[in-house]
Amino acid sequence: MATCEVIQLSVVTFRPDLSPPYSPPAPPSAFLDVAAKLQAVPGARASYLGYQLEDSRRWVWVVRWATGAALDAFLASPSYARWLGSLRAVADTYASSRAFLRGDIAASLNSPCTEVVTALEADPGFVEDHLRPFARCFEREPAKIPGYRALSYGQWLPVVHDGVVAPVGVSAGMLIGWESKEAHYAQRGEGMLIDRYVHHIRGGRKSLGLYHVNFTRL
């Protein structure tokens, strides 16, 4: 079901003394306490956590909010400063953005694997002129795309960047749900699905990055 929804997407690395090498990787218990506090905030509907398959030191945390006003109220509240302090106590770096996404956000995050795509230093009309046509290509024939589950897209707006450089200009991106990372890559290459559609997002931005996460709902 296509909807519009506000999310907060954060990429976190943890203090080395709190994140010894585990196999499989696991977040520090202190961070899970921090996450639980945010989940209890009015308007926080659901949260998802997982590490980047390309770099297991980098954890991705997505919170779905009931409304943009609920997120605004939390960011403006005294409790936010206290909560952010508790997060900074466990994080080595922290980059957080908010986004107003269109598409099937829940299905994108609940998929076995989620591809996260970010366009940096994009043109002001990048979402409408580039991401929207790309998304429509998927929406037209979802049953014909093996391994594909769902897609959502929108503009990223920076909230906090600790220990990393904040993006310059317009940032935007997509959450694309797949059966697996391998299912995504199976649709790449000459003549394949992504090869046919990727021209929509080749222009209008300075750079494009992606990674994959197998999210767990907290």
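The values are calculated or read from the model by the stated rules, or taken from the named source; none is laboratory data. A quick note: this is a predicted structure, and the numbers were derived from the prediction, not measured. When we count neighbours, we look across all protein chains shown, and the Cβ atoms used for this are built from the backbone with ideal geometry, even at glycine.
Taking the stretch 170-198 as the search range and keeping residues that are modelled with pLDDT of 90 or more and surrounded by fewer than 18 Cβ atoms within 10 Å (Cβ to Cβ), which one is nearest to Cys137 (Cα to Cα)? Only one residue fits best here, namely Glu179. Residues in the stretch 167-210 that are assigned to a loop (DSSP other than H, G, I, E, B), in contact (Cβ under 8 Å) with a residue 40 or more places away in the chain and of a type outside the set (Ser, Thr, Tyr): Pro167, Val168, Gly169, Glu179, Ala186, Gln187, Gly203, Gly204, Arg205, Lys206. The selection criterion, being surrounded by fewer than 16 Cβ atoms within 10 Å (Cβ to Cβ) and either more than 30 Å from Trp83 (Cβ to Cβ) or of a type in the set (Gly, Ala, Ser) (or both), does not hold for Arg149. The residues of the stretch 67-85 include none that are in contact with a Leu (Cβ under 7 Å, 6 or more places away or on another chain) and small (Gly, Ala, Ser). Does His212 fit the bill of being over 18 Å from Arg136 (Cβ atoms) and under 15 Å from the mean Cα position of the chain (by Cα)? Yes: the conditions hold for His212. Look through Ser10, Ser29, Ser47 and report the one residue that is out of contact with any Lys or Arg (no Cβ under 9 Å at 6 or more places or on another chain), at pLDDT 95 or above and not β-branched (Val, Ile, Thr). Criteria check complete, one pass: Ser10. Among the residues of the stretch 149-185, what is the count of those that are touching a Pro at 6+ places or on another chain (Cβ under 7 Å) and of a type in the set (Gly, Ala, Ser)? Qualifying residue count for the region: 3. Looking only at the stretch 89-125, residues that are part of a loop (DSSP other than H, G, I, E, B) and not small (Gly, Ala, Ser) come to 5 in all.
Rundown of residues vs (1) among the aliphatic types (A, V, I, L, M); (2) modelled with pLDDT of 90 or more; (3) within 18 Å of Ser97 (Cα to Cα), yes/no style:
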{"site": "Arg132", "(1), (2), (3)": "no, yes, no"}
{"site": "Glu141", "(1), (2), (3)": "no, no, no"}
{"site": "Val168", "(1), (2), (3)": "yes, no, yes"}
{"site": "Ser207", "(1), (2), (3)": "no, no, yes"}
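Screening Ala26 on (1) assigned to a loop (DSSP other than H, G, I, E, B); (2) in contact (Cβ under 8 Å) with a residue 12 or more places away in the chain shows it passes everything except condition (2). Evaluating Val63 against the criteria (1) within 13 Å of the chain's Cα centre (by Cα); (2) at pLDDT below 95; (3) of a type in the set (A, V, I, L, M) leaves one unmet condition, (2).
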